[in-house]
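Enquirer: Take a look at the following structure, please.
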């Protein structure tokens, strides 16, 4: 990938609406927009899809969607606590091991409450 031209801060400010529209329309294929001064990049604008891909969110969101689909195929529905944990996982605030450990702990508590 060749390095794109650096857009000046004043040009970026003047064209921000158009830049954001272009990023949104291009999605994951959008070229990053470098912003800076004196041809030196100081920041970058990315499409949401490109950001999520770089941060791993897209893969985590896909894993959550797959797991949720499996749960719902069994006629079950995720709890509010489960939804909260999966959102934290997608954001990167929880790792997969912690997400699974919390789900198992919730399941055990629910099973014990039903049995006892």
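The values are calculated or read from the model by the stated rules, or taken from the named source; none is laboratory data. This one's a predicted model, so the numbers in the text were calculated from it and none came from an experiment. With ideal geometry, Cβ positions are generated from the backbone for all residues, glycine too; neighbour counts draw on all protein chains shown.
Enquirer: Does residue 111 fit the bill of being over 19 Å from the mean Cα position of the chain (by Cα), modelled with pLDDT of 95 or more and exposed (fewer than 11 other Cβ atoms within 10 Å of the Cβ)?
Expert: Details: over 19 Å from the mean Cα position of the chain (by Cα): yes; modelled with pLDDT of 95 or more: no; exposed (fewer than 11 other Cβ atoms within 10 Å of the Cβ): yes.
The answer is no for residue 111.
Enquirer: Quickly run through region 40-55 and pick out the residues that are farther than 30 Å from residue 95 by Cα and surrounded by 13 or more Cβ atoms within 10 Å (Cβ to Cβ).
Expert: Of the residues in region 40-55, the ones farther than 30 Å from residue 95 by Cα are 40-42.
Listed by number, the list holds a single entry, 41.
Enquirer: Which condition number does residue 76 fail, the rest of (1) in contact with a strand residue (DSSP E or B) (Cβ under 7 Å, 6 or more places away or on another chain); (2) assigned by TED's automatic domain parsing to the domain that holds residue 106 being met?
Expert: (1)
Enquirer: Still on this structure, I have one more. So residue 62 ticks every box in (1) assigned by TED's automatic domain parsing to the domain that holds residue 106; (2) assigned to a helix (DSSP H, G or I); (3) surrounded by 13 or more Cβ atoms within 10 Å (Cβ to Cβ) but one. Which box is left unticked?
Expert: Here residue 62 meets the rest and fails (3).
Enquirer: Going through region 74-95 one residue at a time, which ones are within 15 Å of the chain's Cα centre (by Cα) and either in contact (Cβ under 8 Å) with a residue 24 or more places away in the chain or outside any helix (DSSP H, G or I) (or both)?
Expert: Hits for region 74-95 are 89, 90, 91, 92, 93, 94, 95.
Enquirer: Could you list, in sequence order, all residues of region 12-39 that are loosely packed, with under 13 Cβ neighbours inside 10 Å and either without any contact (Cβ under 8 Å) to a residue 12 or more places away in the chain or in a helix (DSSP H, G or I) (or both)?
Expert: Selection gives 13, 14, 17, 18, 21, 24, 25, 27, 29, 38.
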